[in-house]
Amino acid sequence: MNILITGCKGQLGNELQLLQKAHAEHTFFNTDVDELDICDQNAVEQYVKENNIDGIINCAAYTAVDKAESDKELCTTLNMMAPAYLANAIEQRGGWMIQISTDYVFNGKNYRPYLEDDTPSPDSVYGSTKLASELGVSKFCKRSMIIRTAWLYSSFGHNFVKTMMRLGRERSELGVVADQVGTPTYARDLAVAIMTIVEKGIRPGVYHFTDEGAASWYDFAKAIHRLCGITGCHVKPLHTEDYPTPATRPHYSILDKTKIKSEYGIDIPHWEESLAECIQCIEHQS
């Protein structure tokens, strides 16, 4: 198959590129904005047609959650309009599409893991535009899958893990929010799951994928420091109101993964196991 990957320079896009040698039977078209502007509908349709694309994995997104509150137009274009253009273009070829979405489509007021058919209720511009992308992709491409994920990190790009590693070595004290609970997710685990899905076949619908387990941002930070051997920085727990941000975060956003595990036989690691693996990669690179 000819597979188009958008956002190839991001965390997930980079992880997908690392897996491509193991899937040499496919031809991958790795693109970022320099190779393909997915906000340009004509450019998208032309690229998909000229390269005989069979499937699209859309990793591109506006992910600056706080900045999105004041940059609504660009966030809407990239998170809502662009995925619809991709979906429409691949539908014309009878192809498939995987759209990456987020736990931010929920308001986080649950106290049980969210199921795929729970009613979304986003509290932020970012969450609203990602929900709109789900609806648009599902509408325009019959063979589309929505995969919601959360708290992504990797050895690529800027993320919470790298920030906590740096600050832990620079500071003697650090405050981290302790009353927001989710699941840290290694982008490589998501990339492996996506390629498993590609090989086994697209089954349209909404799916959830994160690593196993649950943690607060405070727990996550403490685990990062422990695994890095950082002992000189005291991490203190904060309440959300102690650390105000422009965008409202979900207080509880654990995603139930029963569906993707049963449909595709995916074995998902615990977040701490994957965190240790990622930290090894980061330290090997430095």
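The values are calculated or read from the model by the stated rules, or taken from the named source; none is laboratory data. Given the structure is predicted, the values throughout are model-derived calculations rather than measurements. Cβ sites come from the backbone with ideal geometry, for glycine too, and all protein chains shown count toward neighbours. Note: accessible area is taken over every heavy atom of the protein model, side chains too, but ligands, DNA and RNA are not part of it. Shrake-Rupley method; radii C 1.70, N 1.55, O 1.52, S 1.80 Å.
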Legend entry - Average Cα contact separation per residue, segment 1-122, under 8 Å, 6 or more apart, as relative contact order %: 27
Inset, instruction - Label segment 10-102 by shape, choosing from rounded, prolate and oblate, from the square roots a ≥ b ≥ c of the eigenvalues of the Cα gyration tensor; if a/c is under 1.5 it is rounded, and otherwise prolate applies when a/b is larger than b/c, oblate when it is not. - result: oblate
Legend entry - Accessible surface of the chain [probe 1.4 Å, protein heavy atoms]: carbon and sulfur percent: 49
Inset, instruction - Would you mind working out the magnitude of the charge dipole of segment 167-224 relative to its Cα centre, with +1 at each Lys and Arg C-beta and -1 at each Asp and Glu C-beta, to the nearest 20 Debye? - result: 180
Legend entry - Largest-first ordering by accessible area, 1.4 Å probe, given options ASP267, ASP103: ASP267, ASP103
Inset, instruction - Can you check what the net charge comes to around SER154, using other residues whose Cβ is under 10 Å from the Cβ of SER154 (Lys, Arg +1; Asp, Glu -1)? - result: 0
Inset, instruction - Go through 129-140, 47-58 and give me the packing order, highest mean Cβ count within 10 Å leading. - result: 129-140, 47-58
Inset, instruction - Please report, in debye to the nearest 20, how large the charge dipole of the chain is about its Cα centre when each Lys and Arg carries +1 at its beta carbon and each Asp and Glu carries -1 there. - result: 240
Inset, instruction - Calculate the spin-label point distance for ALA43 paired with GLU263, positioning each point 7 Å from the Cα along the beta-carbon direction, and give it in nanometres. - result: 3.1
Inset, instruction - Would you mind classifying segment 168-286 by shape? Square roots of the alpha carbon gyration tensor eigenvalues, ordered a ≥ b ≥ c; an a/c under 1.5 is rounded, otherwise it is prolate if a/b is larger than b/c and oblate if not. - result: oblate
Legend entry - Between helix 160-170 and the chain: long-axis angle, C-alpha atoms, 0 to 90°, nearest 10: 30
Legend entry - Straight-distance crosslink candidates among lysines, where the alpha carbon sits under 26 Å from LYS9 and sequence neighbours closer than 8 are dropped: LYS21, LYS49, LYS67, LYS72, LYS130, LYS162, LYS200
Inset, instruction - Could you pull out every one of the aspartates and glutamates with an alpha carbon less than 14 Å from that of LYS261, ignoring same-chain neighbours closer than 8 positions? - result: GLU116, ASP189, ASP211, GLU212
Legend entry - Electrostatic dipole magnitude of segment 42-141 [Cβ: Lys, Arg +1; Asp, Glu -1; Cα centre; debye, to 20]: 40
Inset, instruction - Once you have a ≥ b ≥ c as the square roots of the Cα gyration tensor eigenvalues for segment 104-160, tell me rounded if a/c is under 1.5, and otherwise prolate or oblate according to whether a/b is larger than b/c. - result: oblate
Inset, instruction - With a 1.4 Å probe and every protein chain left in place, tell me how much accessible area MET81 has, in Å² to the nearest 10. - result: 70
